[in-house]
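J.: Right, I'll just put the structure down here and ask away after.
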Protein chains: 2
Amino acid sequence: MKSLIACLFLFSFFMKDMHSVFAIGEKNIPQLAWEVGFHRDKNRKPEEWYPSAVPGAVQLDYAKAKNWGPYWYADNWKDYGWMEDVYWSYRVVFNKPEAITGQKIEFFSKGIDYEFDIYMNGNHLFYQEGMFTPVKIDLTEKLRDINELVITIYPAPKAHNKARDRTQANRSAKPAVSYGWDWHPRLIPAGIWDETGLRIVSRSGLENMDIDYRLDDELTTAYVTMDIAGPEITGLLYEISVKNQSGDEIISESGKISDTNELIHFEIPDISLWWPWDQGEPYLYDVDLKLKKNDETVETVHRRVGFRKVKLVMNPGTWQVDGFPKSRSNPPMTMEINGRQIFCRGTNWVNPEIFPGVISRQTYDTLTDLALKANFNLLRIWGGAIVNKDPFFELCDEKGILVWQDFPLACNPYEGTPEYLAVLEQEATSIIHRLKRYPSLVMWCGGNELYNNWSGMTDQSLALRLLNSLTYRLDPDRPFIPTSPVMGVGHGNYVFRDMATGKEVFQWMPQAHNTAYTEFGMPGPSSVEVLKSFIPAGQLFPPKPGTAWETHHAYKAWVGNTWLCEDMLENYFGRSGDLETLVGRGQLVQGQGYKVIYEEARRQKPYCSMALNWCFNEPWPTAANNSIVMWPARPKPALDAVSESCRPVLASGRVSKFSWRKGEEFTVDLFLLNDSPGNIPAGVMSVKIIGDGEVELLRWDFPEVPANQNLQGPTARVKMPDWEGEIFELLLEVDNNPQMNSVYTLLYLPDPAGEKSSVPVLND
Amino acid sequence: MKSLIACLFLFSFFMKDMHSVFAIGEKNIPQLAWEVGFHRDKNRKPEEWYPSAVPGAVQLDYAKAKNWGPYWYADNWKDYGWMEDVYWSYRVVFNKPEAITGQKIEFFSKGIDYEFDIYMNGNHLFYQEGMFTPVKIDLTEKLRDINELVITIYPAPKAHNKARDRTQANRSAKPAVSYGWDWHPRLIPAGIWDETGLRIVSRSGLENMDIDYRLDDELTTAYVTMDIAGPEITGLLYEISVKNQSGDEIISESGKISDTNELIHFEIPDISLWWPWDQGEPYLYDVDLKLKKNDETVETVHRRVGFRKVKLVMNPGTWQVDGFPKSRSNPPMTMEINGRQIFCRGTNWVNPEIFPGVISRQTYDTLTDLALKANFNLLRIWGGAIVNKDPFFELCDEKGILVWQDFPLACNPYEGTPEYLAVLEQEATSIIHRLKRYPSLVMWCGGNELYNNWSGMTDQSLALRLLNSLTYRLDPDRPFIPTSPVMGVGHGNYVFRDMATGKEVFQWMPQAHNTAYTEFGMPGPSSVEVLKSFIPAGQLFPPKPGTAWETHHAYKAWVGNTWLCEDMLENYFGRSGDLETLVGRGQLVQGQGYKVIYEEARRQKPYCSMALNWCFNEPWPTAANNSIVMWPARPKPALDAVSESCRPVLASGRVSKFSWRKGEEFTVDLFLLNDSPGNIPAGVMSVKIIGDGEVELLRWDFPEVPANQNLQGPTARVKMPDWEGEIFELLLEVDNNPQMNSVYTLLYLPDPAGEKSSVPVLND
């Protein structure tokens, strides 16, 4: 397949899929060099043109041309503000390929951000609003000896100019995050953001290929339907080959196409199912379609297919609604894969870059590896962000990571104007068509927090009724929820200690009773070397508002003094004398806080079925953030803590508060958490606390724990000893099974009358 | 228009709408006489044929032929059980009309229940599953001199034979109620249930006419689009006339049709809006379309159109969600008509007859008049029942009664099988197309109690996602909710005193905090003369289980000893010595209980926006039921009580319990309830209790109360006097405004040590 690809354009790209193009020799193709420039009048040309990297962003091209410093350093991003309100034009000049006679040449793009016109040799060819709908234009009849293709990008869409915030994204399908968020600067990307160029169109006329299947009740046989469509495919011969993961060809079908829309049916017995990594193997089959005219191959298409069945089912315990007047039960939030109800441990994925055009397969590969390292089996792709490019889904398919995909709506009252609904329908249809093939994709969601007062949408909002309708029509076998949270699901808290009630995560989380925790955050600072990379040296310590600390979200980002939470840290530990100490304390609190939530959510299984922290990564360097991965892909220490708490099988302890004093009764409720498809064998767990001495509290002889079930054990108690030191550890050890051991770090306050007496010791 | 109608068939029917037929003189038409018979083998003919009333029901024809007693007397209904499992065939023999040459003759039906084949002269013409999709078959080419048309109805659809209950209706679009309910016997109707016959098809070729409109923001101008479609209408001339309610022609448009799908636009300035009766005038316009070929009129269509804007908006106070983890806000349940948020006082409408074929315009007229008498402004058409015939909606349009229409799903786990989804899509599409023209219709609902454990459907159920999709696609401007209750909305209680907690309606209702109460019931016995009409004399008193009392729902109908609730009545009043006393007490409790709920729901405005009791009417004579109208259309005393509590404007008092003793402190919280678009003028309310004496508690000088708002006043208190008698009255009188006066009947227990000491006196 790859040998058939023609690289007609400046950058290389992979055609792993539809619309293969046939080589016409590089000798025929002039090197294509994109240029870009801005103009304030739509109908004027740029006064200056700069070299452009495609895909990329107009901002990056301009900054490079002007030798600007990195946009992520200090407050450099503020220099980009004017760019959102001008037109940007790309142009490329190319010679007519010599061998073009009798073949078609097509301009294509997988994504242009956001509203644009396309001109060829001065003639208007195409207009589109929407960055998720691919573009294909047959240029053949318009080619001259020398050709100029121009793409003019409109100013960033804005519903109003009353405030420079996310509400401006309220009538567009452009991700809202770049309009400014509590962890994202105001910097609105524009430009060609995915594979784009010229190509020779296949001579087969194939326009679409879908592979659908249904499984029998035993999930052992797949009944496959290949839907092949194109106005000129009638009469071609087809050859279909299906290979298993070992490369053995298990299906070989051939025949003649008798219609412009041919349905080819075959069945695959004894299938290996696709599973998320913690439940089985993410088994993929290779399906190859070859179309032939006489003996000549005129088209090949390759797909990877995974067979699995996904449902969203009721959480045990949620059907019951007591008393009268009686309302409805909460909606289902338990992911059932291949008939097995599983617990989803995961995270909210945000844009890994401010400029999506620079996101590569490598970006996705590194970040999804970190997700595996965190023991996550599900990624929620948050609706304020872009819909990822194909390599992301290919990697999730291969690595066995479940994906929940929001549509690009977040925290706004998207209004049901005919214009917005038309764009949303176009964009959502494109997104569904592109992604429905991926077995890792297990859920659609209308968008983020739309049924809350800061968004103002309701069940009657036409945009969400449209998305429900489209997913029902185009992809009915995949669950859809209108937004997150739905009723019964919780978002937040986003701090270790609640601002309003003073309750620590150790208290508020065990008191919560939700079917799923689909957002919760623990802020932590970035590591020292990262801070030094973007905060000018003179601003580094002590951190202060009004510096790069603030514009990188350490201060005044969300409620209270987030995200650095200096006050709280000082309250627990006293003043930090240097940057390293401050960062160390902040990162400790972040990790320990996340451990509490993930493990408590898992203890609440099966009533609770999901725990996804806010957030996984970040699109630029923050000074402090709820993320556990620093931009571009460096884990915070919290990732290791989360990884421990998200092991499929572990010993777990519930503690009632963070800081403990000499003489207090320390208690820990013991659990064995099992999200795995295998039993935990019977054994012995020992419980110790370790400060400057070690005390064993208990040894628990526990029975076998069945697959995908937890077991609650005894509560261990001890009077806190008289120790030196600021912290101590709770250690749970399983004899002969050290990979289940868990350790928790807690604060030790030896002297209630001493200098730390102002530290609040909260009781549950 | 009416003069153009040909009555080709046995019964008369009104063609107020599409597909007018042109007279060909009765001389050409033989009298048509339908016959019906049953057969156990689908391919055999009935052994006997009986005369049939069309529309009607096969059961009624058979019973009449066999001289059976009424199906509603005693246990006679049990004799009909076998009829659900056999085939029934209708036949009609008719001569070819003489003047048919050059014209088309069509068989049509507005409804055949439920699955059927149609044959003509032995040839199979048509098959359909579904009673809500009209049938049209062109017979012209198939006519012989003498013709036999046969309609074969299949046995009642049953998902299984494990239990003879509503779960058998789980895979069909047939209303579930006839499979048995706590107020409906197991009696499954079958047959032709709406207008059906032969007709000469108009020569215009007109196939569809839709009238759509949008209103400007000020709701003063209607921009009307008439969508006229038919394969042969191109070239015809059209004349459109719009008349206001005074008969003045305000619009006159004409032109030539240039397409098979012609859109004709015009605007109507200074419109009078359609309002529910308590908020304004239900103003209707008459729209007439005339199609002409040269000078000859070939088609006329008449429509009544009401202009109004409807939205379902958030209830004030429901956006706020406290604390973390934070879930979503409750869904909106406030009806906004023409920009005004109104409180809906109404009821759940069930089938007025077991056999829908006998429901006439007169049935609807009488019952909707009773709804007006009850001061209801909204009827919820419950999903266990049929979708009413057109005259129902025409009457609601005219009388200004809002209609909430459930789709025919209720209390079942309707499964998303492809077969069921196909039937549901066909039926729902037909229902939406038929009803969307009626301004009185203000809401679609997926069905009854589907998101509760006794139904087992969830937000992921494909049937409900389909209904959302269809209503979005075909009728996006009308609200849709997936089921009732949605979150925040309450169903129940259905008894005066809760079985589990012992709380009276006086306690549980003020403690409830719902956005809408869309079902709540108070059981009461039918009146004595009604009971005597269907309960054999020997079983009348005392009522006992195992008699017609039980099969008519007085015993073991729902939980506890419902619906007669004899135990509770005895508990309050002591044993009743005769039928009249028992019925009087039961009816008193029913009426007073309903008063508490309706008025308390109204006091909770604006957080609460709706109060609909369960239920309005009933399809046969019950011995006791939550209904306030006895079959066929006789009001219970509770209707008068409800009518008092549903006056748009009234004085209202909240009392904490039903029975009071000498010396206790009686308290009443005073309110003025105003659901009207006018202010209540300032005035004085006096508060009295009246037993064998009269005590004035308070006079309240109240200020003006704004339109559609309530006002809470003081709490009046008094020590209960030493009276004789079993009951006393609380009287609220408004000086010079007696139409606002309210009276409540309560129990008086003079002697705490006496024989009634076992009566529980509950405190709130």
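J.: Of all residues in region B:76-107, which are surrounded by 15 or more Cβ atoms within 10 Å (Cβ to Cβ), of a type outside the set (Lys, Arg) and part of a loop (DSSP other than H, G, I, E, B)?
T.: Of everything in region B:76-107, those that are surrounded by 15 or more Cβ atoms within 10 Å (Cβ to Cβ), of a type outside the set (Lys, Arg) and part of a loop (DSSP other than H, G, I, E, B) turn out to be B:VAL86, B:PRO97, B:GLN103.
J.: Give me the residue from region B:498-524 that is buried (at least 24 other Cβ atoms within 10 Å of the Cβ) and farther than 22 Å from B:LYS605 by Cα and, out of that set, farthest from the other protein chains (Cβ to nearest Cβ).
T.: B:GLY524
J.: Identify all residues within region B:288-318 that are among the aliphatic types (A, V, I, L, M) and more than 14 Å from every other protein chain (Cβ to nearest Cβ); write none if there are none.
T.: B:LEU289, B:LEU291, B:VAL298, B:VAL301, B:VAL305
J.: Considering every residue within region A:375-391, establish whether at least one is more than 14 Å from the chain's Cα centre (by Cα) and assigned by TED's automatic domain parsing to the domain that holds A:ARG478.
T.: yes
J.: Mind telling me which of the residues A:ASN679, A:ASN674 ends up being assigned by TED's automatic domain parsing to the domain that holds A:GLY713, touching a strand residue (DSSP E or B) at 6+ places or on another chain (Cβ under 8 Å) and surrounded by fewer than 16 Cβ atoms within 10 Å (Cβ to Cβ)?
T.: The conditions single out A:ASN679.
J.: Filter the strands (runs of 3 or more DSSP E) completely within region B:305-384 down to those with at least 2 residues that are β-branched (Val, Ile, Thr).
T.: Hits in region B:305-384: B:310-313, B:334-337.
J.: Here is a further query. Would you be able to tell me the number of residues in region B:645-666 that are under 20 Å from B:VAL589 (Cα atoms) and either part of a strand (DSSP E or B) or out of contact with any strand residue (DSSP E or B) (no Cβ under 9 Å at 6 or more places or on another chain) (or both)?
T.: Qualifying residue count, region B:645-666: 8.
J.: I would also like to ask the following. Among the residues of region A:216-264, how many are assigned to a strand (DSSP E or B) and of a type outside the set (A, V, I, L, M)?
T.: Of the residues in region A:216-264, 15 are assigned to a strand (DSSP E or B) and of a type outside the set (A, V, I, L, M).
So that you can scan it fast, the table gives a plain yes or no per residue for (1) charged (D, E, K, R); (2) away from chain B (no Cβ under 14 Å); (3) closer than 22 Å to A:TRP193 by Cβ; (4) buried (at least 22 other Cβ atoms within 10 Å of the Cβ):
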{"site": "A:SER360", "(1), (2), (3), (4)": "no, yes, yes, no"}
{"site": "A:THR363", "(1), (2), (3), (4)": "no, yes, yes, no"}
{"site": "A:LYS373", "(1), (2), (3), (4)": "yes, yes, no, no"}
{"site": "A:ILE381", "(1), (2), (3), (4)": "no, yes, yes, yes"}
{"site": "A:PRO413", "(1), (2), (3), (4)": "no, no, no, no"}
{"site": "A:GLY447", "(1), (2), (3), (4)": "no, no, yes, yes"}
{"site": "A:ASN453", "(1), (2), (3), (4)": "no, no, no, no"}
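J.: Output the number of residues of region A:274-304 satisfying the condition of being in a loop (DSSP other than H, G, I, E, B) and at pLDDT below 95.
T.: Number satisfying all stated conditions: 2.
J.: Taking B:ALA633 and the conditions (1) in the same structural domain as B:TYR494 (by TED's automatic domain parsing); (2) in contact with a strand residue (DSSP E or B) (Cβ under 7 Å, 6 or more places away or on another chain), which numbered condition does it fall short on, given that it satisfies the others?
T.: Result: B:ALA633 passes all but (2).
J.: List the pairs whose first member sits in region A:408-433 and is in the same structural domain as A:SER469 (by TED's automatic domain parsing), whose second member is surrounded by fewer than 17 Cβ atoms within 10 Å (Cβ to Cβ) and outside any loop (DSSP other than H, G, I, E, B), and whose Cβ atoms are under 8 Å apart, counting only residues at least 6 apart or on separate chains?
T.: Short answer, once both residue conditions are applied: A:THR429/A:LEU474; A:ILE432/A:LEU474; A:HIS433/A:LEU474.
J.: Here is a follow-up. Determine whether region B:560-570 contains at least one residue that is of a type in the set (A, V, I, L, M, F, W, C) and within 13 Å of chain A (Cβ to nearest Cβ).
T.: no
J.: Taking only region B:322-347 into account, find how many residues are in contact with a Lys or Arg (Cβ under 7 Å, 6 or more places away or on another chain), within 27 Å of A:PRO482 (Cβ to Cβ) and either within 12 Å of chain A (Cβ to nearest Cβ) or polar (S, T, N, Q) (or both).
T.: 1
J.: As an exercise: evaluate B:VAL305 against (1) more than 25 Å from B:ILE228 (Cβ to Cβ); (2) touching a residue at least 60 places away in the same chain (Cβ under 8 Å); (3) hydrophobic (A, V, I, L, M, F, W, C) and give the number of the one condition it does not meet.
T.: (1)
J.: In addition: Surrounded by fewer than 24 Cβ atoms within 10 Å (Cβ to Cβ), closer than 30 Å to A:TRP454 by Cβ and either assigned by TED's automatic domain parsing to the domain that holds B:GLU600 or basic (Lys, Arg) (or both), is that true of B:GLU336?
T.: Details: surrounded by fewer than 24 Cβ atoms within 10 Å (Cβ to Cβ): yes; closer than 30 Å to A:TRP454 by Cβ: yes; either assigned by TED's automatic domain parsing to the domain that holds B:GLU600 or basic (Lys, Arg) (or both): yes.
Yes: the conditions hold for B:GLU336.
J.: While we're on this one: Which ones in region B:484-495 are at the interface with another protein chain (Cβ under 7 Å from one of its Cβ atoms) and either assigned to a loop (DSSP other than H, G, I, E, B) or acidic (Asp, Glu) (or both)?
T.: Correct list: B:PRO485, B:VAL486, B:MET487, B:GLY488, B:GLY492, B:ASN493.
J.: Follow-up question, since we're still on this one. Could you tell me which numbered condition A:ASP278 fails, if it satisfies all but one of (1) away from chain B (no Cβ under 14 Å); (2) over 23 Å from A:GLY400 (Cβ atoms)?
T.: Condition not satisfied by A:ASP278: (2).
J.: Something else about it: Taking the conditions exactly as written (under 25 Å from the mean Cα position of the chain (by Cα), among the aromatic types (Phe, Trp, Tyr) and outside any loop (DSSP other than H, G, I, E, B)), does B:TYR572 satisfy them or not?
T.: Numbers: under 25 Å from the mean Cα position of the chain (by Cα): no; among the aromatic types (Phe, Trp, Tyr): yes; outside any loop (DSSP other than H, G, I, E, B): yes.
No.
J.: Just to be sure, is A:ILE112 surrounded by 17 or more Cβ atoms within 10 Å (Cβ to Cβ), among the aliphatic types (A, V, I, L, M) and either closer than 14 Å to A:ALA190 by Cβ or in the same structural domain as A:ILE386 (by TED's automatic domain parsing) (or both)?
T.: So A:ILE112 passes the test.
J.: Can you confirm whether B:GLU599 is over 30 Å from B:ASP165 (Cα atoms) and within 24 Å of the chain's Cα centre (by Cα)?
T.: It is true that B:GLU599 is over 30 Å from B:ASP165 (Cα atoms) and within 24 Å of the chain's Cα centre (by Cα).
J.: Scanning for something at pLDDT 95 or above, in a loop (DSSP other than H, G, I, E, B), more than 10 Å from chain A (Cβ to nearest Cβ) and buried (at least 22 other Cβ atoms within 10 Å of the Cβ), does region B:458-480 turn up at least one residue?
T.: No; the residues of region B:458-480 include none that is at pLDDT 95 or above, in a loop (DSSP other than H, G, I, E, B), more than 10 Å from chain A (Cβ to nearest Cβ) and buried (at least 22 other Cβ atoms within 10 Å of the Cβ).
The values are calculated or read from the model by the stated rules, or taken from the named source; none is laboratory data. The structure displayed is predicted, hence computed values, not measured ones. Ideal geometry is used to build each Cβ from the backbone, glycine not excepted, and the neighbour counts take in all protein chains shown.
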